[in-house]
Amino acid sequence: MNDSSDDRDAGTERTGRAGRSKPPDRPFLIGLTGPIGCGKSTVARWLAERGGTVIDADVLAREATADGEPTIEPIRLRFGNRVFQQDGSLDRAELARLVFSDPEALRDLERIVHPQVRRRVLDRLEAARLAGDPFVVVEAIKLVEGGLAEQCDEVWLVECGDETQRARLSSRGMAQDEIDRRISAQADLVTRLRPRVTRQICTDGSFAEVERTVEEALADALAPVLLD
């Protein structure tokens, strides 16, 4: 997403997978996924502004790895004390450096953390159902691997070009070697996601253009439910 008035390519592509036409006894559920730095959080914020309840898997992962949580001891057993600070709390930066340079370590961490994140997501989905929320957005890079994609009425893939992605990560203060590690760790992510995707949201354009695209995609997704 670019603040300039010179809009570049941006848009949404609808794939063959259709959303539901009749709402069950729960909110319409959109899974929001895609590589780091492509704008998932911004898209999620726009959806929240339009009435959605957003469940951020990254936030839940931090909750699941807080002091005293069931994940802490397995993490210590697998990775050792080097990923813990002197006060006993998890050293998230060190753990990230380790797992994003070692695919096997990343898989091991996900096996420890994902079940706890999934439980928290399901708890929040139930709370949204009881509250009568109109639609819910689950924002998660590992939407498919975490077993959540199958519960979604639509899965949106948020993506952008490599140059845009790297520029955004750099603007966050991320060093070039860290950017390379993060992107490398997700190298086949888009390819793996495409078979499960309902819509592709390209965020290479201006904020105004991409926000308009998201608004149109949401209206199209909810139309069968609202008109049923």
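The values are calculated or read from the model by the stated rules, or taken from the named source; none is laboratory data. Computed from a predicted model, the values in this text were never measured in an experiment. As a convention, Cβ positions derive from the backbone with ideal geometry for all residues, glycine included, and neighbour counts pool all protein chains shown.
Taking the stretch 74-118 as the region of interest, how many residues are surrounded by 12 or more Cβ atoms within 10 Å (Cβ to Cβ), among the charged types (D, E, K, R) and more than 25 Å from Ile183 (Cα to Cα)? Residues flagged as surrounded by 12 or more Cβ atoms within 10 Å (Cβ to Cβ), among the charged types (D, E, K, R) and more than 25 Å from Ile183 (Cα to Cα) within the stretch 74-118 amount to 1. A Cβ distance below 6 Å, combined with a sequence gap of six or more or placement on separate chains, defines the contacts here; from the stretch 117-133, residues that are more than 21 Å from Asp58 (Cα to Cα) reach residues that are not in a loop (DSSP other than H, G, I, E, B) in the pairs Asp133/Thr53. Considering only the stretch 101-116, I want to know if a residue exists there that is of a type in the set (Val, Ile, Thr) and either in contact with a Leu (Cβ under 6 Å, 6 or more places away or on another chain) or closer than 22 Å to Pro27 by Cα (or both). The answer is no; no qualifying residue exists. Number of residues in the stretch 181-220 that are under 20 Å from Glu104 (Cα atoms) and either modelled with pLDDT of 90 or more or β-branched (Val, Ile, Thr) (or both): the value is 3. So which residues in the stretch 184-200 are touching a residue at least 12 places away in the same chain (Cβ under 8 Å), closer than 25 Å to Glu216 by Cα and surrounded by fewer than 18 Cβ atoms within 10 Å (Cβ to Cβ), if there are any at all? The answer is Val190, Arg194, Arg196.
Quick check, is Arg181 without any contact (Cβ under 8 Å) to a residue 60 or more places away in the chain and in a helix (DSSP H, G or I)?
Numbers: without any contact (Cβ under 8 Å) to a residue 60 or more places away in the chain: no; in a helix (DSSP H, G or I): yes.
Taking the combined requirement at face value, the residue does not satisfy it.
If you go through the stretch 62-73 one residue at a time, do you hit one that is surrounded by fewer than 14 Cβ atoms within 10 Å (Cβ to Cβ), in contact with an Asp or Glu (Cβ under 8 Å, 6 or more places away or on another chain) and at pLDDT 95 or above? Checked the stretch 62-73: at least one residue is surrounded by fewer than 14 Cβ atoms within 10 Å (Cβ to Cβ), in contact with an Asp or Glu (Cβ under 8 Å, 6 or more places away or on another chain) and at pLDDT 95 or above.
Scan the stretch 74-113 residue by residue and report those that are at positive phi and at pLDDT 95 or above.
Just the residues of the stretch 74-113 that are at positive phi, to begin with: 80, 88.
Hit for the stretch 74-113 is Gly80, nothing else.
Quick check on Arg14: is it closer than 13 Å to Trp156 by Cβ, touching a strand residue (DSSP E or B) at 6+ places or on another chain (Cβ under 8 Å), at pLDDT below 65 and of a type in the set (Lys, Arg)? Can you show your working first?
Values: closer than 13 Å to Trp156 by Cβ: yes; touching a strand residue (DSSP E or B) at 6+ places or on another chain (Cβ under 8 Å): yes; at pLDDT below 65: yes; of a type in the set (Lys, Arg): yes.
Judged against the criteria, Arg14 is a match.
Condition first: of a type in the set (A, V, I, L, M) and in a helix (DSSP H, G or I). Now tell me which residues in the stretch 72-107 satisfy that. Break it down stepwise before answering.
Looking only at the stretch 72-107, we keep the residues that are of a type in the set (A, V, I, L, M), and these are 72, 75, 77, 83, 90, 93, 95-96, 98-99, 105-106.
Those that are of a type in the set (A, V, I, L, M) and in a helix (DSSP H, G or I): Ile72, Ile75, Leu77, Val83, Ala93, Leu95, Ala96, Leu98, Val99, Ala105, Leu106.
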